[in-house]
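These notes are about the structure you will find just below.
Rule-based calculations on the coordinates, nothing more; no lab input. Source: prediction; values computed, not measured. Cβ coordinates were reconstructed from backbone atoms using ideal geometry, including for glycine residues, and neighbour counts include every protein chain displayed.
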Amino acid sequence: MKGLIITAPNSGGGKTTITLGLLRALRNRGIAIRSAKSGPDYIDPRFHEAASGETCVNLDAWSMSVARLQELAAGDAPLLIEGAMGLFDGAPPMGKGATADVARALKLPCVLICDVSKQSQSVAAVVEGFSRHAADVNVVGVILNKVGSPRHEAMLRGALEPVGLPILGAVYRDAKLETPSRHLGLVQANERNDLEEFIDYSGNIIDKSIDIDQLISLFEHIQQNTVKTTALLPPAQKIAIASDDAFAFAYPHLLESWHKAGANLSFFSPLADEAPEQADLVILPGGYPELHAGKLATNSNFMNALREASSVYGECGGYMTMGEGLIDAAGNRHEMLGLLKLETSFAKRKLHLGYRNLKPQGGLWDMPLNGHEFHYATTLKSEGQPLFHATDAEDTELPDMGLINGKYSGSFAHVIDRAD
C-alpha cells in the first residue's frame with residue numbers, strides 16, 4: 001500500500017488538472033490507482049472518480065484523527081492524493097489541517113506543482129524554500145506547469161538544477177486544460193458534457209509531459225493504522241438520501257461507514273421529482289438548489305413526500321430547501337418545503353467559510369461533531385430552536401447554527417466526522 005501527494009505553493013496552480021491527467025494516464029496504462037482529496041471538498045473528488053473509475057475519499061487533517069486518516073487511506077492499489085491550497089495552508093492560527101498534516105499522518109512524500117506562468121529563475125527560491133521549510137514534510141520532486149516555451153523551460157530547469165530535486169516534467173500552457181468555475185469552485189463533474197473528452201485530453205497531455213515511470217518510483221508506503229477508530233454512527237437504520245445536481249454534496253466516507261454499520265441507504269432525485277423510498281430519515285445534502293429553485297418548487301411528488309416524511313435533515317443547500325422560501329441571485333423568491341421557519345437569499349451574497357466545532361442542542365445528533373461551512377447565502381429569517389452551538393477553528397464563539405422543528409432539523413454546516 002503506497003501513496004504520493006500532489007501539492008503546490010498556492011491555490012490555482014493546476015493541482016486538480018494535473019492530478020486528473022495523472023489518474024487517467026495511469027489508468028490508460030493499466031495501472032491500478034486510487035485517489036483522495038485533502039480537506040473538505042465535494043467537487044474535486046467527483047472529477048477524480050471520473051478520471052480513475054474509483055471512489056475518491058476525503059482526508060481532512062483538521063476534522064479527522066491521524067488514525068482515522070490512516071484508516072481511510074488504506075487499500076490495495078496505490079493512492080494519489082491531491083492537496084488543498086498551498087502545502088502548508090490550513091486553518092488559523094497555525095495552519096492545522098494543511099496538506100502537510102496529511103503528509104505527516106501518512107508519512108508520504110510530496111510532489112510540488114509550480115505554476116511558472118509569471119516567473120522564471122525565481123522558481124528555484126520557491127522550490128528550495130518549500131523543500132526545506134519543514135524537516136518532517138518530504139518534497140521529492142517538481143512538476144513545472146504553464147510553461148511558455150522551450151526557452152522558458154530551459155531557463156527553469158537551469159535555475160532548479162542546484163536545488164537538486166528531480167524535475168518530473170513540464171506542462172505547457174494550454175487553454176484546453178482550463179476548468180470552468182462558479183462560486184463554490186469548479187462546475188460539478190456531472191454538469192460537463194465534455195467531461196470524458198476533457199479528462200482524456202488531460203491524460204494524453206500529462207502522459208507526454210511527465211515522466212510517469214519516475215513519478216511511480218516516488219510512491220512510498222503509507223503509515224499503517226494500528227488504532228481502531230470509531231466512525232460517526234448512522235443517524236437512522238433506513239436512510240433515503242437526495243442525490244442529483246442540486247444535492248450532490250455527500251461525503252463518501254460517511255456513507256460507507258454508515259453502510260458498514262448496517263444502515264440501509266437509498267437514493268432519489270428531487271430534480272426528477274422523485275419521492276424517497278420509505279425511510280426512517282431523509283437527508284437533503286448540500287449542493288446548488290439555488291440554481292434549480294424554480295424547478296424544485298414545482299416538483300409536487302418530491303415536495304409532498306418530504307412534507308410527510310418521518311424525519312428530514314438538511315445541510316447547507318438542503319437546509320435552505322427545508323425553509324419557507326429561497327430567493328435566487330436574480331431576486332426571485334421560490335416557495336420551498338416550509339419544514340423550518342427559514343428564509344434565505346442569494347440576491348445579496350456574503351461568504352461564510354471555515355471549520356466548525358459543533359455541539360448538538362437536540363435533533364438528529366447526540367455527540368460533538370467536526371464540520372465546515374462554505375456558502376454565500378444570506379439568512380433573512382431564522383426562527384426556532386438552534387441545532388448546534390458552534391465555535392470556529394480558533395474556538396471563537398459563533399452564533400448558534402441551524403434549526404430544529406420537531407422531526408425536522410438542519411444547518412449550514414457540513415458534518416465531516418465525529419469530534420474526538
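The average projected area of the stretch 238-418, computed from the convex hull of its Cα atoms over all directions, is 9.2 nm². Put a dot 7 Å past the Cα of M94, heading toward its Cβ, do the same for L254, and the two dots end up 2.8 nm apart. Its Kirkwood hydrodynamic radius, worked out from the mean inverse distance over all distinct Cα pairs, puts the stretch 186-232 at 14.7 Å.
Fewest-first ordering of C114, C316 by other beta carbons within 10 Å of each residue's beta carbon gives C114, C316. Taking every DSSP beta bridge that has both ends in the chain, the antiparallel portion is near 45%. Going by alpha carbons, how many degrees (0 to 90, nearest 10) lie between the helix axis of 195-209 and the longest principal axis of the chain? Between the helix axis and the principal axis of the chain, the angle is about 20 degrees. In the stretch 2-221, the DSSP beta bridges split such that about 20 percent are antiparallel, to the nearest 5.
Taking the alpha carbon gyration tensor of the chain, multiplying each eigenvalue by 5 and rooting it gives semi-axes of 39, 23, 20 Å, largest first.
For K295, the aspartates and glutamates whose Cα falls under 15 Å of its own Cα, not counting residues fewer than eight places away in the same chain, are D244, D245, D273, E274, D328, E335.
Fully extending the segment from N304 to N264 would add 12.1 nm, taking 0.36 nm per residue of separation and subtracting the current Cα-Cα distance. Considering only the other residues whose Cβ falls under 10 Å of the Cβ of G3, what net charge follows from Lys and Arg at +1 and Asp and Glu at -1? Its environment carries a net charge of +2. By other beta-carbon atoms within 10 Å, ranking T379, T396, T19 with the fewest at the front produces T396, T379, T19.
Shape verdict for the stretch 2-221, please, from the Cα gyration tensor: rounded (a/c under 1.5), prolate (a/b greater than b/c) or oblate. Here the stretch 2-221 falls in the rounded category. Under a Cβ-Cβ cut-off of 14 Å, what is the net charge of the residues other than A36 that fall near it, where Lys and Arg count +1 and Asp and Glu count -1? The answer is -3.
Using the Cβ-Cβ distance between E383 and E335 with R0 set to 22 Å, the FRET efficiency from 1/(1 + (r/R0)^6) comes to roughly 0.80.
For the stretch 273-285, the Karplus equation 6.51 cos²θ - 1.76 cosθ + 1.60, evaluated at θ = phi - 60°, returns couplings of 6, 8, 8, x, 5, 4, 8, 6, 8, 10, 10, 9, x Hz by residue, with Gly and Pro reported as x. Largest GNM mean-square fluctuation among R356, R151, R333, using the chain with Cα springs under 10 Å: R151.
Relative to the longest principal axis of the Cα atoms of the chain, the long axis of helix 150-160 makes an angle of roughly 90 degrees. In the stretch 212-262, the alpha-carbon atoms span a convex hull of 138 Å³ per residue. Residues S311, S63, ranked from the fewest to the most other C-beta atoms within 10 Å, line up as S311, S63.
Rounded to whole numbers, the Karplus 3J(HN,Hα) couplings from phi for the stretch 414-420 are 9, 6, 9, 6, 6, 7, 7 Hz, using 6.51 cos²θ - 1.76 cosθ + 1.60 with θ = phi - 60°, and x at Gly and Pro. Mean residue ellipticity at 222 nm, helices only, the chain: -7500 deg cm²/dmol; runs of at least 4 DSSP H residues each add -39,500 (n - 2.57), and the sum is divided by the number of residues.
Computed from Cα positions, the angle between helix 123-132 and the longest principal axis of the chain comes to roughly 70 degrees. Partners of K381 within straight-line reach, counting lysines whose Cα lies under 17 Å from its Cα and excluding those fewer than 8 residues away in the same chain: K341, K348, K350.
Each residue of the stretch 248-258 was assigned a 3J(HN,Hα) from its phi angle through the Karplus curve 6.51 cos²θ - 1.76 cosθ + 1.60 (θ = phi - 60°); the sequence is 10, 9, 10, 7, x, 5, 6, 4, 5, 5, 5 Hz, with glycine and proline shown as x.
Restricting the calculation to Cα atoms, the stretch 119-188 shows an Rg/Rh of 1.07 when the hydrodynamic-style radius is the Kirkwood one.
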